[in-house]
Amino acid sequence: MRLKLVHGTALLCTGLLAGAFGYGAANLVPTFNAVPLEMRLSFHAELMKMNGITMQAAMGASILSCLTLAVLSAGRARLLAGAAGLLAFASFLITRFGNVPINGRIKQWALTAAPADHAEILRRWELFNDIRTLTAVAAFVLLIVLAVSGLRAAVHPVPDNRADRP
């Protein structure tokens, strides 16, 4: 029962993470590119204030639930859950060291002006966004594969010794 609960939690967290990143890649980024630069910068800066908390929580919950599932599982299930946890962690690292520094620059640009090379910097942000989206989706897919193929617990069941009783 505990294994299924942890697996369900991992599925929920990675699904929310992949869905949020997927929505951003499919809808927000094209919208960013369709509006005037000043509007994009203002909206992007405001969006990051909200995303900072929620996305970090989603990434943290995904990582912890996947790694907990890996510890509680055995065999192939452990490998899949561990790989999902590493992919969720990769999403965090890409965000922290790729997107977040650029987000800081975007906040400054929203208050002042974008530099001459802003288009290249924004393209780099989009590349990081695409990569972290792919890692989050891959983590979710691994947990779906695990759900379809079945889990195997690392803890072996306690034998029933009732037959030995008088």
Single match in Ala88, Ala84, Ala77 (criterion: open to solvent by less than 30 Å² (accessible area, probe 1.4 Å), modelled with pLDDT under 95 and out of contact with any strand residue (DSSP E or B) (no Cβ under 7 Å at 6 or more places or on another chain)): Ala77
Subset of the stretch 63-74 that is in contact (Cβ under 8 Å) with a residue 60 or more places away in the chain and part of a helix (DSSP H, G or I) - its residue that is surrounded by the fewest Cβ atoms within 10 Å (Cβ to Cβ): Val71
Inter-residue pairs, beta-carbon under 8 Å, first buried (at least 17 other Cβ atoms within 10 Å of the Cβ) and in the stretch 1-29, second among the hydrophobic types (A, V, I, L, M, F, W, C) and outside any helix (DSSP H, G or I), 6+ apart: Leu3/Leu151; Leu3/Ala153; His7/Leu151
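Sort out which residues of the stretch 111-151 are more than 30 Å from Ala77 (Cα to Cα), assigned to a helix (DSSP H, G or I) and modelled with pLDDT under 95, and write them in order of number.
The answer is Leu111, and nothing else.
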Selected residue [assigned to a helix (DSSP H, G or I), touching a Phe, Trp or Tyr at 6+ places or on another chain (Cβ under 9 Å) and open to solvent by 70 Å² or more (accessible area, probe 1.4 Å)] from Gln56, Gln108: Gln56
Residue match in the stretch 30-39 (condition: open to solvent by less than 30 Å² (accessible area, probe 1.4 Å), more than 14 Å from the chain's Cα centre (by Cα) and of a type in the set (D, E, K, R)): no
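Would you be able to say whether some residue in the stretch 3-11 is touching a strand residue (DSSP E or B) at 6+ places or on another chain (Cβ under 7 Å) and closer than 21 Å to Ile144 by Cβ? Don't jump to the end; show me each part of the working.
Let us first name the residues in the stretch 3-11 that are touching a strand residue (DSSP E or B) at 6+ places or on another chain (Cβ under 7 Å), namely 3.
Remaining after also requiring closer than 21 Å to Ile144 by Cβ: 3.
Yes, that holds for at least one residue.
The values are calculated or read from the model by the stated rules, or taken from the named source; none is laboratory data. Note that the structure is predicted; figures quoted are calculated from it, not measured. Positions of Cβ are backbone-derived with ideal geometry, glycine not excepted, and every protein chain shown enters the neighbour counts. Ligands, DNA and RNA are stripped out before the accessible areas are found, and what is left, the full protein with its side chains, is counted by its heavy atoms. Shrake-Rupley method; radii C 1.70, N 1.55, O 1.52, S 1.80 Å.
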